[in-house]
């Protein structure tokens with residue numbers, strides 16, 4: 001019986017070693033392959049994601065990627081704490097300035113605002129809303145329900161007259 005058990009252990013060991021053997025006939029992994037034995041690999045370029053675009057007939061949610069990209073672009077620049085820069089960039093991207101709102105860049109006592117909010121009221125009654133500023137960290141962009149008066153932001157906002 002002892003010989004039978006030893007044979008089973010030996011057989012199992014051989015099976016394990018065979019399963020670990022390279023499929024190329026035993027060449028060691030560190031041995032260089034000749035050019036003719038190397039597998040052919042063709043590089044297929046990964047598809048480049050399309051840049052977001054304005055979807056005039058779409059929903060606010062459909063337009064969030066462009067809103068988000070514009071917001072991130074302004075945030076990365078020198079005018080990151082100026083509400084007008086966000087409004088101008090959104091208008092340049094095709095959003096309608098007539099349905100935008102933005103809060104003040106400074107507090108009522110003249111200090112820089114801790115955060116600035118801006119919005120675009122969309123045709124489906126939803127709002128694209130952004131918030132940036134020193135207390136926000138990274139820009140925040142979301143779709144929220146619009147208010148009853150076709151506005152997005154509550155409270156006093158800046159007149160967009162430029």
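Taking the conditions exactly as written (within 22 Å of residue 151 (Cβ to Cβ) and either touching a helix residue (DSSP H, G or I) at 6+ places or on another chain (Cβ under 7 Å) or outside any helix (DSSP H, G or I) (or both)), does residue 77 satisfy them or not? Working first, answer last.
Working: within 22 Å of residue 151 (Cβ to Cβ): no; either touching a helix residue (DSSP H, G or I) at 6+ places or on another chain (Cβ under 7 Å) or outside any helix (DSSP H, G or I) (or both): yes.
So residue 77 does not fit the description; no.
Taking the numbered list (1) within 21 Å of the chain's Cα centre (by Cα); (2) modelled with pLDDT under 95 in turn, residue 76 passes all entries but (2).
Within the set 125, 137, 155, 110, the sole residue that is without any contact (Cβ under 8 Å) to a residue 60 or more places away in the chain, closer than 14 Å to residue 63 by Cβ and surrounded by fewer than 18 Cβ atoms within 10 Å (Cβ to Cβ) turns out to be 125.
The values are calculated or read from the model by the stated rules, or taken from the named source; none is laboratory data. Just so it is clear, the structure is predicted and the values come from calculations on it, not from any experiment. Note that we place each Cβ from the backbone using ideal geometry, even for glycine, and neighbour counts take in every protein chain shown.
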